[in-house]
Amino acid sequence: MSAPLFASRLLAALKDEGLDVVEVGDWRHHDRNDKGPWGPVHGVVIHHTATSGAKSTVRTCYDGHPDLPGPLCHGVITKDGRVHLVGAGRANHAGLGDADVLRAVIAEKLLPHDDASDADGNRAFYGFECENRGDGHDPWPAVQLTAITKAAAAVCRAHGWSERSVIGHLEWQPGKVDPRGFPMGRLRELVAERLK
């Protein structure tokens, strides 16, 4: 169980991991805290955006949609490997997911199958949306995959978590498929290597 990182600490953790970070708008005060608590936090959820085009993707994740206000994550990782910070605090990204998965993340154990939607993920997880159409054909450039690894490792390092605190949206919420195009098990291996 951890208190969430303040915006300045999150920014510093990402930069310390060697990431190129872009601060978008008033991201430090952009949140959904009026809809529920932010924290304690237990892990990081990786998503794909199902969009293309860095500028429009970042704008959408900052502003949200008519039926889902932004921020839609904490950071957007574009294909060029940059992390665009769009929110600090509670964000509309994880939604309701499996409480058994949350317990496994907290205990840093193997994940069970997600078959319920009975726990508030927006309260418990940082979210990184990664620019990709999510159709299984849109490529994941090496620079972007490296940035995803570094971003997840940065948050884990700041909290003293292991790679087991990094999950995909598809491992959290039944019916989700993101991120499509790379295996989460391999991403966790890469995060573990960075944390050594």
* Asked: Say the dipole of the chain comes from +1 at the beta carbon of Lys and Arg and -1 at that of Asp and Glu; which of 102, 190, 127 then lies farthest toward its positive end?
  -> 190
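Net charge within 13 Å of residue 99 by Cβ-Cβ distance, Lys/Arg positive one each and Asp/Glu negative one each, not counting residue 99 itself?
Details: positive: 103, 123; negative: 98, 100, 114, 115, 118, 120.
Result for the local shell: -4.
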* Asked: Mind checking which lysines have their C-alpha under 29 Å from residue 15, skipping anything on the same chain fewer than 8 residues away?
  -> 55, 79, 109, 150, 196
* To do: Counting only heavy atoms of the protein chains, get the accessible area per residue of region 58-165 (1.4 Å probe) and round it to a whole Å² value.
  => 38 Å²
* To do: Could you give the C-alpha radius of gyration of region 39-196 expressed as a fraction of 2.2 N^0.38 Å, taking N as the number of residues it contains?
  => 0.94
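What percentage of the solvent-accessible surface of region 79-196, computed with a 1.4 Å probe over protein heavy atoms, is contributed by carbon and sulfur atoms? List each step's numbers first, then the result.
On the way: 2460 of 4840 Å².
It is 51 percent, rounded to a whole number.
What ranking do 119-126, 103-110, 23-30 get when scored by the average of other Cβ atoms within 10 Å per residue, highest first? Kindly include the intermediate steps, with their values, before the conclusion.
Values: 119-126: 22.2, 103-110: 13.8, 23-30: 15.9.
The packing order, highest mean first, is 119-126, 23-30, 103-110.
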* In sequence order, calculated HN-Hα J values of region 38-47 (Karplus, 6.51, -1.76, 1.60; Hz; x Gly/Pro) -> 10, x, x, 9, 10, x, 10, 10, 9, 10
* Structure fact -> Percent relative contact order for the chain, counting Cα pairs under 8 Å at least six residues apart, stands at 28 percent
* Candidate lysines - alpha carbon under 26 Å from residue 35, same-chain residues fewer than 8 apart omitted -> 176
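Hey, could you grab the Kirkwood Rh for region 1-109? Inverse mean 1/r over distinct alpha carbon pairs, Å, one decimal.
14.7 Å
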* Please list the non-local residues whose amide H lies under 5 Å from the amide H of residue 86, H modeled 1.01 Å from N, same-chain partners needing a gap of 5 or more. => 75, 76
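The values are calculated or read from the model by the stated rules, or taken from the named source; none is laboratory data. Because the structure is a prediction, the values reported are computed rather than measured. So basically every Cβ, Gly included, is an ideal-geometry build from the backbone, and we count neighbours across all protein chains shown. Heads up: the accessible areas ignore ligands, DNA and RNA and are worked out on the full protein's heavy atoms, side chains in. Shrake-Rupley method; radii C 1.70, N 1.55, O 1.52, S 1.80 Å.
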